[in-house]
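The values are calculated or read from the model by the stated rules, or taken from the named source; none is laboratory data. Predicted, not measured: the structure shown is a model, and the values here were computed from it. Neighbour counts are summed over all protein chains in view; Cβ atoms, including those assigned to glycine, are modelled from backbone coordinates with ideal geometry. Accessible surface is based on the protein model in full, side chains and every heavy atom, while ligands, DNA and RNA are left aside. Shrake-Rupley method; radii C 1.70, N 1.55, O 1.52, S 1.80 Å.
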Amino acid sequence: MTQVDVRWSAAVDSENGSFGILIDGGERPGHGEPFEIVDPFRGETVAEIAGADAQDLEDVMHAARAGAAEVAALPRWRRAEILRAAAGGLEERGDELAVDITRATGKALKETRREVVRSSATMQASAAAALEGADRWLPADGGFGGDGLIAYEIRVPVGIVGAITPFNAPLNLSAHKVGPAIAAGNAVVLKPSSRVPIPALKLGEILIASGLPPAAIAVLPGGPAIGEALVGHPAVGFVSFTGGRAGGDAVRRAAGDKRIALELGGNAAAIVHGDADIESAAQWLTWGAFGNAGQSCNSAQRILVQASIWDAFLSAYLPRVRALRAGDPLDPASDLGTLVTKAEAERVERLVQGAIAAGGSLLVGGERNGALYQPTVLSGVPPREPLACEEAFGPVVLVDTYETLDDAIARANDTEFGLTSAVFTRTMAVAAHASARIRAGVVNVNRSPNYRLDHLPYGGVKASGVGREGPRFAAEEMTERRLVLVDALA
Ligand code: NAP
C-alpha cells in the first residue's frame, strides 16, 4: 500500500495560519478576495484565506482536464488503493483535523472526532465502490432484433466533477463527493464552505500524498460567485452540491443542461408511537435533535408523540435535554458547541421568540450567550410558524401529540422537505405502514432521523434535493451510461 507522506502541506503558510488554493499538486495564494476564519466561541481569527478568483478557476480547469485523463486511465484496483491510503491518512491526522473543524465552526470536539472517523470510513466505502463499478451485462436477445448479439452497459467517467460543500460536516461531506468522483475515474474540483475550507484543503493534500495524480484534485476556497462559476464551467461534467435551498436554486440555474445532484435541507419529523420503547426513543432523540447543535440536514425538528404516552415521554425526554452540556467546543466534555456564527444563534433566538409569541410553550432552554444557544424544547407551536415548517438548523425541537398513526403521518408529511424521518414502535406493522407512507428519502425505525450509514444511499425528495450519496450510488451518478452492442459473428 502507498505510504502517506504527512509532511507535505497544502497550506501556503500554515505556520502563520495563512492558506490559499490547492492546484495541480501545489499550493499558492488565490487571487480573489481574502477572508478570515473566526472561532465562533473565542471570537479569535484562526486563519486567513487567499481565496480563488475567475482566473484561478481557469487555471484549475486546465490542470483538471489533464488530471481527468490520468484518473480515467488508472485501473480500478489502483483507484481503490489510493482511496484506502487516504482513509489511513485521515485517521493519522485525525486529531489535527478534528481541532481544525471545531475551531472554525464551534462544533463540539466530541462530534468532530466522530466526523473524522466517518470521513475515513467514507473513503473506505469509496475504495469498495471503485472496485465494484456498475457495468452490467444485458440480454440482447430479450427483444426483437437482438438474436445473436452481445449487449452490455459500461459506465464512463464524466471527466471533471464540480463539488460544493457546506460548513456543518466539512470533512465528511467533502469525502462524500471527492471519494466517489475518484472511484468513478474522474478528476474533482471542490469548492468548500468559506467558513471552514481548511479540512478540504488537507483532504486534497492527503489524497495526493496517497498517490492520486496531483492534477486530479483541486480545492478552491471562495464565495458563492466562484461556486456558480464552477457549476457553469463548460469543462464540468457533473455537479454535486450540498447546502441550503437558496444555494441549491442558484446551482440549478447555473448548471443549465448539466446533470446535478443536490443534497439540500430538511425538517425531519420523528413519530413516537404508543407502543414504543420510551427510554430508547428519548435517548435517540436527544442526540437526534441536538447533535451538532441541531445543525444537520437530518436533525429531528418535530417530535410527534401519541397522546397515550405524552407524559411518560416528556418525563424521559426533558431531563435528558436539561443534562446536555453546551459549552466550550474544544472541551471534550461538551455535548454541544456553538452555532457556526453569533448571527446564526441570533437567527435561532428570533425563531424561538416568534414561536412563543404565536402561542408556543417553552419547556427547556431558550437562552443565548454569544454564539452559544442552549438546547431548547417547545410545545404547541402552530404548524405554519417558521420554526415548525422551515428548516431551523439550530438546537431546537418541537414536541406535540397525535391520536392516530395516520394523523401523525399526515403531519410528518406536512412540509415541503423530504429528507429523513423516524418512527419509534415495537410493532412491525406500524413500522411498515408508516415507512410506506412517509414521503422522505430515509425512514429510520427505532433510530433518530439523523442516524446515517455513510455507505448506504442517502438523499431527499421534494425540496430536499435530487440524487443519492453513499459512495457506490454517488459514483454511479458521476458516470455516463454507454450501451455497447456487439455482433460477435460479423
Ligand atoms: P449554504 O449557505 O447553502 O452553502 C453551502 C455551499 O454552497 C458553500 O460552499 C457555499 O459557499 C456555497 N454556495 C452558497 N451560495 C452559492 C451559490 N449561489 N452558488 C454556488 N455555491 C453557493 O449552506 P451552509 O449554511 O453551508 O450549510 C447548511 C445547509 O446545508 C442546510 O440547509 C443543510 O440542511 C444543508 N445540508 C444538506 C445535507 C444533505 O445531505 N442533504 C448535508 C449537510 C447540509 P460559501 O460558504 O462561500 O457561502
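(1) among the polar types (S, T, N, Q); (2) open to solvent by less than 10 Å² (accessible area, probe 1.4 Å); (3) under 21 Å from Ala98 (Cβ atoms): which one isn't true of Thr242, the others all being true?
With (1) among the polar types (S, T, N, Q); (2) open to solvent by less than 10 Å² (accessible area, probe 1.4 Å); (3) under 21 Å from Ala98 (Cβ atoms) applied to Thr242, the lone miss is (2).
Tell me, yes or no, whether the range 76-94 has at least one residue that is over 17 Å from the mean Cα position of the chain (by Cα), small (Gly, Ala, Ser) and over 18 Å from Glu205 (Cα atoms).
No, every residue in the range 76-94 fails to be over 17 Å from the mean Cα position of the chain (by Cα), small (Gly, Ala, Ser) and over 18 Å from Glu205 (Cα atoms).
Please indicate, with yes or no, whether at least one residue in the range 267-285 is within 11 Å of the ligand (Cβ to nearest atom) and at pLDDT 95 or above.
There is at least one residue in the range 267-285 that is within 11 Å of the ligand (Cβ to nearest atom) and at pLDDT 95 or above.
Picking from Pro170, Pro157, which residue would you name as being in contact with a Ser or Thr (Cβ under 9 Å, 6 or more places away or on another chain) and either open to solvent by 10 Å² or more (accessible area, probe 1.4 Å) or without any contact (Cβ under 8 Å) to a residue 12 or more places away in the chain (or both)?
Pro157
Yes or no: Glu279 open to solvent by 10 Å² or more (accessible area, probe 1.4 Å), within 24 Å of Val340 (Cβ to Cβ) and of a type in the set (D, E, K, R)? Working first, answer last.
On the way: open to solvent by 10 Å² or more (accessible area, probe 1.4 Å): yes; within 24 Å of Val340 (Cβ to Cβ): no; of a type in the set (D, E, K, R): yes.
Criteria not met by Glu279.
Filter the range 178-233 for residues that are within 16 Å of the ligand (Cβ to nearest atom), open to solvent by 10 Å² or more (accessible area, probe 1.4 Å) and of a type in the set (A, V, I, L, M) and give the result.
Once the filter is applied, which keeps residues that are within 16 Å of the ligand (Cβ to nearest atom), open to solvent by 10 Å² or more (accessible area, probe 1.4 Å) and of a type in the set (A, V, I, L, M), the range 178-233 yields Ile198, Ala225, Ile226, Ala229.
In the range 249-266, which residues are within 15 Å of the chain's Cα centre (by Cα) and more than 7 Å from the ligand (Cβ to nearest atom)?
Selection gives Ala261, Leu262.
Mind listing whichever residues of the range 286-299 are under 20 Å from Ser334 (Cα atoms) and within 16 Å of the ligand (Cβ to nearest atom)? Talk me through it step by step, then tell me what you get.
First, pick out the residues of the range 286-299 that are under 20 Å from Ser334 (Cα atoms): 286-296, 299.
Gly288, Ala289, Phe290, Gly291, Asn292, Ala293, Gly294, Gln295, Ser296, Ser299 - these are the residues of the range 286-299 that are under 20 Å from Ser334 (Cα atoms) and within 16 Å of the ligand (Cβ to nearest atom).
Where residues in the range 149-172 are aliphatic (A, V, I, L, M) and closer than 19 Å to Asn186 by Cα, which of them is nearest to the ligand (Cβ to nearest atom)? Show your work before the answer.
From the range 149-172, those aliphatic (A, V, I, L, M) are 149-151, 154, 156, 158, 160-161, 163-164, 169, 171; that's our starting set.
After this cut, where a residue has to be closer than 19 Å to Asn186 by Cα as well, the list is 154, 156, 158, 160-161, 163-164.
Working: Ile154: 29, Val156: 26, Val158: 19, Ile160: 16, Val161: 15, Ala163: 9, Ile164: 5 Å.
If we take residues in the range 149-172 being aliphatic (A, V, I, L, M) and closer than 19 Å to Asn186 by Cα, then Ile164 is nearest to the ligand (Cβ to nearest atom).
Which of (1) crowded, with 19+ Cβ neighbours inside 10 Å; (2) assigned to a loop (DSSP other than H, G, I, E, B) does Asp328 not meet, given it meets every other one?
Going through (1) crowded, with 19+ Cβ neighbours inside 10 Å; (2) assigned to a loop (DSSP other than H, G, I, E, B) one by one, Asp328 breaks only (1).
Filter the range 75-126 for residues that are within 15 Å of Ala169 (Cβ to Cβ), of a type in the set (Asp, Glu) and in contact (Cβ under 8 Å) with a residue 60 or more places away in the chain and give the result.
Asp100, Glu111 - these are the residues of the range 75-126 that are within 15 Å of Ala169 (Cβ to Cβ), of a type in the set (Asp, Glu) and in contact (Cβ under 8 Å) with a residue 60 or more places away in the chain.
Checking Lys107 against (1) farther than 25 Å from Lys258 by Cβ; (2) away from the ligand (no atom under 16 Å from the Cβ); (3) open to solvent by 10 Å² or more (accessible area, probe 1.4 Å); (4) assigned to a loop (DSSP other than H, G, I, E, B): exactly one of these is not met. Which one?
Here Lys107 meets the rest and fails (2).
Go through the range 397-417 and give me each residue that's among the hydrophobic types (A, V, I, L, M, F, W, C), over 20 Å from the mean Cα position of the chain (by Cα) and open to solvent by less than 30 Å² (accessible area, probe 1.4 Å).
Hits for the range 397-417 are Val397, Leu398, Val399, Leu405, Ala408, Ile409, Ala412.
Working only within the range 90-103, note down all residues that are touching an Asp or Glu at 6+ places or on another chain (Cβ under 8 Å) and open to solvent by 10 Å² or more (accessible area, probe 1.4 Å).
Arg103
Is there any pair linking a residue in the range 418-446 that is of a type in the set (Lys, Arg) and open to solvent by less than 30 Å² (accessible area, probe 1.4 Å) to one that is outside any strand (DSSP E or B) and more than 16 Å from the ligand (Cβ to nearest atom), with Cβ under 9 Å and at least six apart or on different chains, and which?
none
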